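The values are calculated or read from the model by the stated rules, or taken from the named source; none is laboratory data. Note that this is a predicted model, so its numbers are computed, not measured. Here the Cβ positions follow ideal geometry from the backbone for every residue, glycine too, while neighbour counts run over all protein chains shown. These accessible areas exclude ligands, DNA and RNA; they are computed on the full protein's heavy atoms, side chains included. Shrake-Rupley method; radii C 1.70, N 1.55, O 1.52, S 1.80 Å.
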Amino acid sequence: MRARRPWTGWGLLVGVALVVSGCAIGGDTPGEFPQNALDPAGPIARQQDALWNLVFPIAVGVFVLVQGLILVAVIRFRDRGEDAPPQQVAGNTRLELIWTAIPALILAVIAVPTLGGIFALAEDPGEEALAVRVIGKQFWWEFEYLGDEGQGVVTANELHIPVDRPIRLQMEALSPQVPDTFDEEDPDASRSDQSMEGVIHSFWVPRLAGKQDVIPGYERLMRIEADEPGQRYSGQCAEFCGLAHAEMRFEVVTHTADDFETWLDEQAEPAGTDLEGLAAEGQELFGAHCVACHALDGHPEDAEIRIGPNLTHFASRQVFAGGIFDNDDPEQIAAWLRDPSDAKPGAQMPDLGLDDDQISALVEYLQSLE
Ligand code: CUA
């Protein structure tokens, strides 16, 4: 006996509507879809997008054709209860040749630009590139500018880059608890215990390039490049890495070549020490509570340990704690200092048991670090 299931059709319709409503193509307001990989903002993302533009329509065509034929077969040749059993056939050389040759042809057409793209993206951009070491920690990203040009600048949560120049990202994942002892002269020696305790992350700025997994104990290379100065592109960790994975975000900030040089020179300067009042108090508290984990170039107590983010120019950034809080908002900084794992569950920074006066002084100090 055949059961009628009228809800199957409705279920299908609702399902399709849900899937389609999840699609966001383009957008008139800038920043409306800040992570739209279909809106590339640099040559590498454009190359990857071009591949998508080729493959996607072919895939849609194949899907519609195959599903359409299935529907025709199901409806037209359905069992009406009165037919004799269908004639049994085995093999049809012509059909088999056709449905082997067409997919082979499609795959060959897709393979040419795909393989070309893979090799092009794997090419080392060479001397021309800006080299940045990218470190995935739980749950934030650190950026270290390498070579003489980099001047030893280390930042967190914001990757500043010049436009129209390839950026060579040398990426690794490190333990959130063990100090980073990276030595540019001997990079392999420094990638030891601290990396084995790390977890896998994935670096993703949808508008600039595809994803790259970052794996403990290895160095992963990736290239990004942007065209337009003065932009902020949002990125995020795209591989589940623990409790605060969804809050492991960052931003890529683009500059003209000159502006980038100025920014880098400013970042290479130590923080000012000539402080008064509350900020001076905060500086002292920083020496008592924070130097065990945070580097801060210019602080009177040698603040050089790289466990948490380097805070030398904290106030020059717009976001902190994995790119989820606003540096300009003293309330958000205070809430973070009061209890980091309450502000961001999973955060590795301990609750330092600071009282409200100490928190105010530290907020004042941090906000003075232009
Ligand atoms: Cu790091 Cu997910």
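Just a few scattered comments:
- Of the residues making up segment 120-136, those that are out of contact with any helix residue (DSSP H, G or I) (no Cβ under 9 Å at 6 or more places or on another chain) and under 25 Å from residue 236 (Cα atoms) are 122, 123, 124, 125, 129, 134, 135, 136.
- The residues on offer are 294, 255, 289, 299, and the sole one that is within 30 Å of residue 228 (Cβ to Cβ) and not hydroxyl-bearing (Ser, Thr, Tyr) is 255.
- Positions within segment 152-188 being among the charged types (D, E, K, R), farther than 17 Å from residue 296 by Cα and open to solvent by less than 10 Å² (accessible area, probe 1.4 Å), in sequence order: 172
- Conditions (1) acidic (Asp, Glu); (2) within 16 Å of the ligand (Cβ to nearest atom); (3) surrounded by fewer than 23 Cβ atoms within 10 Å (Cβ to Cβ); number of the one not met by residue 149: (2)
Here's the yes/no breakdown for (1) at pLDDT below 95; (2) exposed (fewer than 14 other Cβ atoms within 10 Å of the Cβ); (3) farther than 11 Å from residue 369 by Cα; (4) hydroxyl-bearing (Ser, Thr, Tyr):
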| position | (1), (2), (3), (4) |
| --- | --- |
| 263 | no, no, yes, no |
| 273 | yes, yes, no, yes |
| 284 | yes, no, yes, no |
| 287 | yes, no, yes, no |
| 298 | yes, no, no, no |
| 301 | yes, yes, yes, no |
| 307 | yes, no, yes, no |
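- Flag for residue 134 being at pLDDT 95 or above and either open to solvent by 10 Å² or more (accessible area, probe 1.4 Å) or under 20 Å from the mean Cα position of the chain (by Cα) (or both): yes
- Considering residues of segment 118-137 that are within 16 Å of the ligand (Cβ to nearest atom) and in contact with a Leu (Cβ under 7 Å, 6 or more places away or on another chain) only, the residue nearest to residue 159 (Cα to Cα): 134
- Filtered residue count, segment 181-202, keeping only those that are modelled with pLDDT under 90, within 16 Å of the ligand (Cβ to nearest atom) and touching a strand residue (DSSP E or B) at 6+ places or on another chain (Cβ under 9 Å): 2
- In segment 247-261, the qualifying residues are those that are more than 18 Å from residue 174 (Cα to Cα) and either among the small types (Gly, Ala, Ser) or within 16 Å of the ligand (Cβ to nearest atom) (or both), and the one that is least open to solvent (accessible area, probe 1.4 Å) is 251.
- Scanning segment 336-348 for residues that are farther than 15 Å from residue 290 by Cβ and buried (at least 17 other Cβ atoms within 10 Å of the Cβ) returns 343, 344, 346.
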